Structure formats: C-alpha cells, structure tokens
Amino acid sequence: MTSDVLCFMPIGDLAAQVASRERSALEVTRAFLSRIEAINPRVNAYTLVMGEEAERQARRIDEAIAAGRSPGPLAGVPIAIKDLIDVTGVPTTAAAHRRFHYTPERDAPLVARLRAAGGVIIGKTNLHEFAYGVTNINPHFGPVRNPWDLALIPGGSSGGSAAAVAAGLCAGALGSDTGGSIRIPSSLCGTVGLKPTYGRIPRTGVVALAWTLDHLGPITRTVRDAALLLRVMAGADPGDPASVEDALPPLDQQLDDGLRGIRIGVPRRFFWEQTDPQVQGLAESALRVLVDRGATLVDRDLPHAEDLISAVAIIITVEATAYHERRLRRSLGAYGEDLQIRLLRGFFVPGTDYVLAQRARAFFTQEFTAALQGADVLVTPTTTVPARPIEEDPAAAPAVSLAMSTELTRFTAPINLTGFPALSVPCGFTRGGLPVGLQIIGKPFDEGTVLRAGHAYEQATEWHTRRPPLQPLTR
Amino acid sequence: MTEPLLTLEDLTHLADLLDLSLSTEQLKQLLPEVQRLRQHAARLRDLPLDPEEPALRFASP
C-alpha cells in the first residue's frame, strides 16, 4: 500500500489497522509527515508541523497496544488543530502577529479528549487572522491555497484545516465556526464540515471571536469520520459555562438508517437565491438524489430571512471588538489591515443596537424552530459561489476580504444565530473542477439526523472520493 | 426606516469621544462599514419585536 492511500484512508479504518497491529501508529504518522513535507509548501495549510512530538505520541500508542491496553477509537490517527486551540507546549498563534502568541501549559479539553482517544496531534493549521474573515489571506503566515486550484482561496476562517484534510495532510482536523468558518472552507475545499449545536463541544482553551456565536467542530473527508470525531469531543467542561452534557445518540447505528421517512425542508426564499448558476444546479441535483433515496421534500419559509444577516453582523462586530479592545488600543498596528477595519468599526455600534440584534436573534430562532416543525432537516447550498481567486494586491486585499465575508457567509452565518447543528457535504464540482457544498441544518442537539442525511447522500454519490490534483514535487 | 447618513465629521467626533486616535485615512475606510452596520440596525428596528414577549426580552443561545 502506498503512503498516499494511507493518507486518504477513513479514520475508522486507520484506527482499526493500528489497533490490530496491521500497521503501527508510527508508520501512519510518518506517512502523513512525509506527505506534509512534499505538499504543504504549496498549500501552506500549517502554521506548525509537530513532527518529533507527533512521532513520540505515535510511539506511546504503539507501546500501549503492545502492552495490551486499549488504544481508543482514534488509535494512531493524525489530527490537525486549528491554531487558535491550545495544544500543550506549542504556541497558540491565532495566525496573528507574534506579539499576541502565547504558549499554553495544558491542552484545550477537546484536544485532551482526542489524545485520550488515541489521536496523534500532528500540527497546528493556518487560519484567517484571529478567525475573523473568510479568505485566509494572512499578513503574518501567508495565504492558505486551495488544493483544487492553488490560485484560489480555501475559504475560511478554518481554511488551513479544510485544505489539510482535502490534500491528505491529516486524517481529520478541528475548526471553529462563528459565521461559517467550518462549513465555508469545507464547501470550497470539498470536505465534510460539521458545526454542532452551540454548547456541544466546549470552547475552553480556544481564542474567542464572538462568545455567543462561536462553535467548534470537525472537518473530515467523510460524514462517518465527522461523527466519530464529534463523539470523542462532545461533552461539558467547567471552563465553558455554555457547554452542555447532552447525551449523543449512538451515531454509528443512526448513520446507516437511510433517508426513508426523512422530511427535507427547502427554504427557497433567500437561502436558494443570489446563487451562482452552477452551484444552484449542483444543489438542485443533490435534492433529486435525496428524493431518489427516499426523502420527502417540503417547502419551508423563514418570513424574515433577509434580515438574519443584519443581526449576525452587529453581534459578531460588537463581541469581537469587545474581546480585542485592550489589545486594539495598545497595538492597533500589529493587526492586519482588514482586521483593523473589522475591529475598529465595533466601537461605533451603540449598545442599544447590540441588544436589538440579540432580541432579533430570539425572534429568528423562533422562525427557524417553526420551519423545522414538519421537517427533520433544512437543506440549502453551503455557499453562494465556489472558491474565488486569492487577491495578490495588498492594497486591494482588505476591501476584497470584507466583500467576500458578506458573499460567502450568506447561508451559513444565520445558523450561528440559532445555534442549531449544520453540516456541509460535497455535492459536486463545477465545470472548472471546483468543489461545491450542500448544507444540512437540524434541530438543536439532533446532530444524529443531520449526519444520517449527510451520510445517506454521501453513500449515493462519489464526490467525497475525488482527490485534488496535487503531486509531490520531484527533486 | 431610513437611517440618517453618518458623515466623516460625525465619525471623527465619535472617535474623539471614544478616545480613539485614528487618521483621516482610517476614518474614511471605516465610514462605509459603520454606515452599513447602522443600516443593519435600521432593518432590525422594522421587525415586529414585541417588548412584552418574554422570549424576546433578551436571549442567549
């Protein structure tokens, strides 16, 4: 078996092979490190590759297996961590200026849970500076490039995580999602991205963007892989008062229940409008596949859908500025140009507007709840467009960054308002070979149905089996 | 509801009140963003939010 096959193997299969000693965790880790060395210089998905430390972790797992101890469901599986999540002993950079880096003394709880399950932390992934943007054009660490076309953005802010997964530079990755930062890069890079219900995964040890909108979740190549990582990471932690201990159903069984009896709500107005014709066509085709597999389509309406984005814009702006205020006043020049604009604007929003936006949020959540009565999930395109070009002109980049946020978060950010779970699964490729995602939205804490629908769709299609046209450079 | 247009002069005054030392160039870059946020708020003011509805008094997720 070539190392490339190993690097695209499903997480469950990798872990099973390591647990059964068919191959060692060290062999698996070295295969990924070798591919990272060959491919990452062109993609720039990582801020830090933890080569020696990853090999040490892998050896410990092999020793545990040799001693007859259970290695856990992620035995020897290399996982990449978005670089705003704490990993013991290595800097958390948030892909920001070095002045803002710090080195944590302990893992974030979700990282500790991955390790306890046998996962190997292989590196930290690049992101849009402080996770506040969707282009991943970064003045401090350089841009992440889309593995399907290196001239294009990967989407963001978890662009390094999605690019690493798509390019076979890790088996799975962690992202954060405040307005779509897991689902957008998943759509643009052809990966699976899950934003679980608000509170499902604790945010302790994670650099915040907007406290009431921030979520964490997995980015993987298959829905089954996402379910596996969710199961490992879910659960309350005292460091995040918003986190909850709501029992997950047995996802493995539920995944294979198929689509018969599932009612899919299609909110045509707003969520299917102003969309690139190719994206629209691919998402429509996905609806036909879902129906062919036994689902029923029902029209749903969100009466004030056009106003959702107004509430998101105000809440994220004010909370992000509040989080950064002290640093901004001391070190404004250490932020990239688009971050300066994004963060300074928050000073000028009255408190009354913030409260208005939070009240509107409750109003919109009621409308989503109503739309999900009589439907098990809602389905929309994940983004309006496929990946856009990387803006290479520094003078133009800030304006482009701001405009792309508006364009790319249109269908994802409203779901952060509600806190409901949402999944992006690949639903086809444009004529130019760029991946496109389908968004599946569920009821609070019903990730099971969201993943079930996504898995059934994935099983009916072959999009998740395609690989980006990246070959290691010859020396 | 139409939001009164914010001018560069207004923004400069607000920045002074907030003790923010910003250049004219920075304020010019900020102006359309601040105006956009004010338009967002104006849209939300048109929603039928009932002040007596308990669920709409204030909500966290």
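Percent antiparallel among DSSP beta bridges with both residues in chain A, to the nearest 5?
Taking every DSSP beta bridge with both residues in chain A, the antiparallel ones total about 65 percent.
With +1 on the Cβ of every Lys and Arg and -1 on the Cβ of every Asp and Glu, and nothing else charged, how large is the dipole of segment A:171-317 about its Cα centre, in debye rounded to the nearest 20?
280
How much net charge surrounds A:Glu129 when only other residues with a Cβ under 12 Å from its Cβ are counted (Lys, Arg +1; Asp, Glu -1)?
-2
Residues with amide H under 5 Å of A:Gly265's amide H, sequence separation 5 or more or different chain, H placed in the peptide plane at 1.01 Å from N; which?
HN-HN under 5 Å from A:Gly265: A:Val298, A:Asp376, A:Val377, A:Leu378, A:Val379.
When you look at the Cβ of every residue in B:38-50, what mean number of other chain Cβ atoms sits within 10 Å?
6
Which of the GluC sites (Glu not before Pro) found in segment A:1-86 are in a DSSP loop and have at most 16 neighbouring Cβ atoms, other than their own, within 10 Å?
A:Glu22
Projecting each Cα onto the charge dipole of segment A:3-465 (Lys/Arg +1, Asp/Glu -1 at the beta carbon, about the Cα centre), which of A:Ala357, A:Ala453, A:Leu209 comes out farthest on the positive side?
Going by the Cα projections, it comes out as A:Leu209.
Rg/Rh for the protein assembly as shown: what does it come to with C-alpha atoms and Rh from Kirkwood?
On the Cα set of the protein assembly as shown, Rg over Rh gives 0.96.
Using the crude model of +1 on Lys and Arg Cβ and -1 on Asp and Glu Cβ, and no other charge, please compute the dipole size for segment A:3-465 relative to its Cα centre, in debye to 20.
460
Counting Lys and Arg as +1 and Asp and Glu as -1, each charge on the Cβ, what is the dipole of segment A:225-279 about the Cα centre in debye, to the nearest 20?
Value, rounded to 20: 420 debye.
What percentage of the solvent-accessible surface of the protein assembly as shown, computed with a 1.4 Å probe over protein heavy atoms, is contributed by carbon and sulfur atoms?
Carbon and sulfur together cover 52 percent of it.
What is the average number of partner chain Cβ atoms found within 10 Å of a Cβ in B:21-32?
Neighbouring Cβ atoms belonging to other protein chains average 3 per residue here.
Tell me the GluC sites (Glu not before Pro) within segment A:366-475 that lie in a loop according to DSSP and have at most 15 other beta-carbon atoms within 10 Å.
A:Glu392, A:Glu462
What helices does chain A have that are whole DSSP H segments, at least 27 Å long along their own axis by Cα, and with mean Kyte-Doolittle hydropathy of -1.0 or more?
A:308-331, A:351-371
Run the quick spin-label model on A:Asp393 and A:Arg23: label points 7 Å from Cα toward the beta carbon, then report their separation in nm to one decimal.
A separation of 4.7 nm, rounded to one decimal place.
If you roll a 1.4 Å probe over the heavy atoms of the protein chains, what accessible area per residue do you get for segment A:3-465, in Å²?
The answer is 31 Å² per residue.
What 222 nm value per residue comes from the helices of chain A, counting each DSSP H run with n ≥ 4 as -39,500 (n - 2.57) and dividing by all residues, nearest 500 deg cm²/dmol?
Only helices count here, giving -12500 deg cm²/dmol.
Provide a list, ordered by number, of residues in segment A:307-324 showing at least 40 Å² less accessible area with every protein chain present than when their chain is taken on its own, using a 1.4 Å probe.
In segment A:307-324, residues shielded by partner chains: A:Asp307, A:Ser310, A:Ile314.
Once you have a ≥ b ≥ c as the square roots of the Cα gyration tensor eigenvalues for segment A:319-475, tell me rounded if a/c is under 1.5, and otherwise prolate or oblate according to whether a/b is larger than b/c.
oblate
Out of the trypsin sites (Lys or Arg not before Pro) in segment A:1-76, which ones are loop residues according to DSSP with at most 14 other C-beta atoms within 10 Å?
Sparse-neighbourhood loop trypsin sites (Lys or Arg not before Pro): A:Arg21, A:Arg69.
I want to check the label-to-label distance for A:Arg263 and A:Arg431. Put each point 7 Å from Cα in the C-beta direction and report it in nm to one decimal.
According to this spin-label approximation, the distance is 3.9 nm.
Over 22 Å between Cα atoms: which of A:Lys82/B:Lys28; A:Lys82/A:Lys195; A:Lys124/A:Lys195 fall into that group?
From the list (A:Lys82/B:Lys28; A:Lys82/A:Lys195; A:Lys124/A:Lys195), the Cα-Cα distance tops 22 Å for A:Lys82/B:Lys28.
Residue farthest toward the positive end of the dipole of segment A:288-346, with Cβ of Lys/Arg at +1 and Asp/Glu at -1: which of A:Ala311, A:Gly333, A:Leu290?
Result: A:Gly333.
Using a 1.4 Å probe on protein heavy atoms only, how many Å² of accessible area do A and B hide from each other, summed over both chains and rounded to 100?
3000
Using the Cα gyration tensor of segment A:124-199, with a ≥ b ≥ c the square roots of its eigenvalues, what is the shape: rounded (a/c below 1.5), prolate (a/b larger than b/c) or oblate (neither)?
Since a/c reaches 1.5 but b/c is at least a/b, the shape of segment A:124-199 is classed as oblate.
Based on the Kirkwood radius over alpha-carbon pairs, what value in µm²/s does the Stokes-Einstein equation return for the translational diffusion coefficient of segment A:60-196 at 20 °C and 1.002 mPa s?
The calculation lands on 141 µm²/s.
Calculate the mean, over all residues of peptide A:351-360, of how many other protein chain Cβ atoms lie within 10 angstrom of the residue's Cβ.
Per-residue shielding by partner chains comes out at 5.
The values are calculated or read from the model by the stated rules, or taken from the named source; none is laboratory data. The structure displayed is predicted, hence computed values, not measured ones. Backbone-built Cβ (ideal geometry, glycine too); neighbour counts: all protein chains shown. These area figures cover heavy atoms from the full protein model, side chains too; ligands, DNA and RNA do not enter into them. Shrake-Rupley method; radii C 1.70, N 1.55, O 1.52, S 1.80 Å.
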